[in-house]
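The values are calculated or read from the model by the stated rules, or taken from the named source; none is laboratory data. Quantities reported herein were computed from a predicted structural model and do not represent experimental measurements. Cβ: placed from backbone, ideal geometry, glycine included. Neighbour counts: every protein chain shown. Areas reflect the complete protein model, heavy atoms only, side chains present, ligands, DNA and RNA absent. Shrake-Rupley method; radii C 1.70, N 1.55, O 1.52, S 1.80 Å.
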Amino acid sequence: MSFRFLPDAPASSVRVSIGQTVLLDPGLRAEGSCIEVLEGIARVYCPCEETEGMTLAFLQPGDQLCTDRLCSEGVCVEALTPLVFRTDTEAADSGFDPVNEWTLQLLRIRHLGNAEQRLHALLSLLVRRLGRRCGNWCDLPFRLTHERIAELIGTTRVTTTRLISRIRQARLLEVPSGESVLRLAPELVESAPLAAA
């Protein structure tokens with residue numbers, strides 16, 4: 001696993017390219033410090049060997065990640081789209097923690113009865129939270145590997161690939177070549193388990 005470290009001094013703008021990862025070490029940050037996403041979408045995951053890069057949350061503009069609420073080994077922030085965040089932010093006292101909310105939703109998905117339901121619920125959650133409606137489709141502005149999706153839904157990459165192929169054959173999902181988006185049919189998003197949550 002390769003990542004870069006944040007500069008020690010607070011910064012009003014840190015740019016991260018797609019696929020690049022930044023390690024947030026709580027031991028190097030002041031108590032109560034946060035990062036705030038200004039542009040783009042990020043995946044937050046655990047760097048511990050035991051958890052093999054387990055996804056904790058996804059962040060979008062306006063979301064904050066408090067560095068003192070992390071495990072002792074910190075967390076990694078991976079850019080899924082071009083990402084800009086600031087490290088000189090003070091925690092907003094809104095009572096809402098996007099990492100806790102995402103972790104709860106991902107746990108709910110992992111407890112659905114079968115892999116097909118879990119994939120359906122995950123795709124719907126990602127589009128509802130991070131995507132947008134574009135004409136006859138709902139666009140998710142990034143792609144996840146089948147291996148990453150398998151990690152999120154608690155199955156194998158082979159099973160994930162088979163399930164995604166079925167959804168594509170039903171013309172409920174498109175992967176436009178040359179673009180970094182996923183397109184999902186609105187009926188797939190709206191009919192998912194846990195869609196009302």
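Data overview
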{"quantity": "Angle in degrees between helix 115-130 and the longest Cα principal axis of the chain, rounded to the nearest 10", "calculated": "60 degrees"}
{"quantity": "Rg to Rh, two decimals, where region 90-186 supplies the alpha carbon set and Rh follows Kirkwood", "calculated": "1.01"}
{"quantity": "Region 165-197: trypsin sites (Lys or Arg not before Pro) falling in loop per DSSP and having at most 13 other Cβ within 10 Å", "calculated": "ARG171"}
{"quantity": "Within the accessible area of the chain (1.4 Å probe), percent carbon and sulfur", "calculated": "48 percent"}
{"quantity": "Heavy-atom surface of the chain, accessible at 1.4 Å and reported per residue (Å²)", "calculated": "52 Å²"}
{"quantity": "Net +/- balance of residues flanking ILE167 in space, Cβ distance below 15 Å, scoring K and R +1, D and E -1", "calculated": "+3"}
{"quantity": "Cut-off of 10 Å, at most 13 other beta carbons, DSSP loop: longest stretch of the chain lacking such GluC sites (Glu not before Pro)", "calculated": "53-178"}
{"quantity": "Share antiparallel - DSSP beta bridges, the chain, percent rounded to 5", "calculated": "95 percent"}
